[in-house]
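The values are calculated or read from the model by the stated rules, or taken from the named source; none is laboratory data. These numbers come from a predicted model, not from an experiment. Neighbour counts run over all protein chains shown; Cβ positions are idealised from the backbone, glycine included. Keep in mind that these areas ignore ligands, DNA and RNA; they rest on the heavy atoms of the full protein, side chains included. Shrake-Rupley method; radii C 1.70, N 1.55, O 1.52, S 1.80 Å.
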Amino acid sequence: GAGVSQSPSNKVTEKGKDVELRCDPISGHTALYWYRQSLGQGLEFLIYFQGNSAPDKSGLPSDRFSAERTGGSVSTLTIQRTQQEDSAVYLCATGGGKSYNEQFFGPGTRLTVL
Amino acid sequence: SQQGEEDPQALSIQEGENATMNCSYKTSINNLQWYRQNSGRGLVHLILIRSNEREKHSGRLRVTLDTSKKSSSLLITASRAADTASYFCATDASGSARQLTFGSGTQLTVLP
């Protein structure tokens, strides 16, 4: 489709396990963002990729979180040794297309850590 | 901490009424955007207002911006049950959407 897609839509894991969340951006969008949203809260910025530049990792909450973007397209957010406080909806957004200032969001991945 | 803070946190109105949500922020901005979110999933961009604009309209939406007070408001006129959602303001300091700073949102419920 033409929008941002994310997979899986839901992920339930046990504390201590690693998880990988995937984001497929809109073709041609050079910017890609990851956000975290806890229940009933606003969005917490995690990381930002722009083209081939070094990513802005300033929002990552701990070294258990990492992300990569291969070939300037698909991105994977990895959370190692998950904790219960990691439970949230993880949202991916892309930008840099014709509507330069606007971000286009995927549907999110709801992560539940038991 | 979130730069944009919306109020009220929750708003419940009858269908047909107008809904007004406010957003305050702390630093200089290039533009301010409003997004809508249904059921805790992805956000949808509604409208963008630049720092040199004071008011903007899009359909039933009216956005105002007062840079001297560092505040914005979103007015939804003639509300519908389908407008029920969370509404977030997001500030862009860079002008390139390098990083949007989102507020904590207003949960709007429109009762049929």
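A few remarks follow.
- So A:N101, is it of a type outside the set (D, E, K, R), open to solvent by less than 40 Å² (accessible area, probe 1.4 Å) and either more than 14 Å from chain B (Cβ to nearest Cβ) or in a loop (DSSP other than H, G, I, E, B) (or both): yes
- Flag if A:R64 is more than 26 Å from A:G28 (Cβ to Cβ) and surrounded by 14 or more Cβ atoms within 10 Å (Cβ to Cβ): yes
- Segments classed as strands (runs of 3 or more DSSP E), wholly inside the stretch A:1-95, with at least 3 members that are touching a Lys or Arg at 6+ places or on another chain (Cβ under 8 Å): A:43-50, A:75-79, A:88-95
- Test: residue in the stretch A:21-36 that is small (G, A, S), over 15 Å from the mean Cα position of the chain (by Cα) and within 10 Å of chain B (Cβ to nearest Cβ): no
- Test result for A:S9, of a type in the set (S, T, Y), under 23 Å from B:R41 (Cβ atoms), within 12 Å of chain B (Cβ to nearest Cβ) and open to solvent by 20 Å² or more (accessible area, probe 1.4 Å): yes
- In the stretch A:1-45, the residues that are aromatic (F, W, Y) and without any contact (Cβ under 8 Å) to a residue 24 or more places away in the chain: A:F45
- Any pair with Cβ under 8 angstrom, 6 or more apart, that starts in the stretch A:75-98 at a residue that is away from chain B (no Cβ under 14 Å) and ends at one that is loosely packed, with under 14 Cβ neighbours inside 10 Å and β-branched (V, I, T): A:T76/A:T70
- If you go through the stretch B:83-105 and keep only what is modelled with pLDDT of 85 or more, facing chain A (nearest Cβ under 7 Å) and assigned to a loop (DSSP other than H, G, I, E, B), you end up with B:G103, B:S104, B:G105.
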